[in-house]
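Novice: Okay, handing you the structure first.
The values are calculated or read from the model by the stated rules, or taken from the named source; none is laboratory data. What you see is a predicted model; the values in this text were computed from it and never measured. Here the Cβ positions follow ideal geometry from the backbone for every residue, glycine too, while neighbour counts run over all protein chains shown.
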Amino acid sequence: MVREMQQAGAKCKELGARTGKRQGIKKLLTPHSLLLILLLSLNTSLNAYIVQYKEQYFRLYHLHHIQYPDDTMENIYWLEQAVKADFANPLYAIARIEDEVQWEKYRYLFMMHVNLKLIEQYLFLGNKWNKRNAYFYNAPWKEQNLESLETAETCFRAALSYWKDATEWAVKAQGRHLRFIDLEQVRYWQDEAERIASKSLDYEKIIHRELDLLQKVREQFHAMDETTY
């Protein structure tokens, strides 16, 4: 498990370039995740089931009772594929669609929700390496802790990069001609859009708070020397 954490930590650092360019998550996948995806691909091909639409990729995203870094990166992969793929025919939408206006709101809500889930997953990943305290007895592992904080910061900033898109889709979903359109099956997504509009859901504020705390802990580690412990 320690080895897996180290591998995933090293790969999470590669997110620095990706934060600005939104490249794929494939570079982040450990051999375990790649093997799992390969097995899934083989299984679906044998059953003549091709995953190509947003809704199909989204359904592959799932939470684990105990979520390891590989699990999180697998989820990030599926969610990023969902962002890039086309929508399925409205007949296969996650919500019941009866007209073009409902279809429009559904697409906006879907994109907002997927971006929010990407933020959550990157926060999960970053918290695997984040340190909330710089205890004096951790001084012998000062460099390792600083490296861990760097990995956590990269993940947090990757999460922040999705907030702009999430808020833009939320604004579109709250457009005047869509405001009173109710999609019963995805009301939770509608609630998310309303919470973003009211600022009761503000990941930018949450992430900046995490980054500020991370910087304070980093400074405490930098201040440690041979007399600390």
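Novice: Of the conditions (1) within 30 Å of W129 (Cα to Cα); (2) touching a Leu at 6+ places or on another chain (Cβ under 6 Å); (3) at pLDDT 95 or above, Y61 satisfies every one except a single condition; which number is it?
Specialist: Just one mismatch for Y61, condition (3).
Novice: Residue by residue through the stretch 106-128, note down the ones that are free of Cβ contacts under 8 Å to residues at least 40 places away in the same chain and either within 8 Å of the chain's Cα centre (by Cα) or under 24 Å from P90 (Cβ atoms) (or both).
Specialist: R107, E120
Novice: Another question, if that's okay. Do we have any residue at all in the stretch 166-181 that's among the charged types (D, E, K, R), under 27 Å from V101 (Cβ atoms) and at pLDDT below 95?
Specialist: Checked against the condition, which is being among the charged types (D, E, K, R), under 27 Å from V101 (Cβ atoms) and at pLDDT below 95, the stretch 166-181 yields at least one hit.
Novice: OK, next. If you take the residues in the stretch 130-171 that are outside any helix (DSSP H, G or I) and of a type outside the set (D, E, K, R), which one is farthest from Q215 (Cα to Cα)?
Specialist: Checking each candidate, the answer is Y162.
Novice: Okay, next question. Right, I119: modelled with pLDDT of 95 or more, of a type in the set (V, I, T) and over 29 Å from R176 (Cβ atoms) or not?
Specialist: It is false that I119 is modelled with pLDDT of 95 or more, of a type in the set (V, I, T) and over 29 Å from R176 (Cβ atoms).
Novice: Is one or more of the residues making up the stretch 179-197 surrounded by 23 or more Cβ atoms within 10 Å (Cβ to Cβ), of a type in the set (G, A, S), in contact with a Phe, Trp or Tyr (Cβ under 9 Å, 6 or more places away or on another chain) and farther than 22 Å from R209 by Cβ?
Specialist: Yes, because at least one residue in the stretch 179-197 is surrounded by 23 or more Cβ atoms within 10 Å (Cβ to Cβ), of a type in the set (G, A, S), in contact with a Phe, Trp or Tyr (Cβ under 9 Å, 6 or more places away or on another chain) and farther than 22 Å from R209 by Cβ.
Novice: I need every pair where a residue in the stretch 196-221 that is in a helix (DSSP H, G or I) and at pLDDT 95 or above has its Cβ under 9 Å from the Cβ of a residue that is surrounded by fewer than 14 Cβ atoms within 10 Å (Cβ to Cβ) and among the charged types (D, E, K, R), sequence separation at least 6 or different chains.
Specialist: Every condition considered, the pairs that remain are E204/K164; K205/K199; L213/R132; L214/R132; V217/R132; F221/E143.
Novice: Tally time: how many residues in the stretch 82-105 are part of a helix (DSSP H, G or I), among the aliphatic types (A, V, I, L, M) and more than 25 Å from the chain's Cα centre (by Cα)?
Specialist: 2
Novice: A further question follows. Out of the residues in the stretch 50-81 that are in a loop (DSSP other than H, G, I, E, B) and either more than 22 Å from A158 (Cβ to Cβ) or aromatic (F, W, Y) (or both), state the one that is farthest from the chain's Cα centre (by Cα).
Specialist: My answer is I50.
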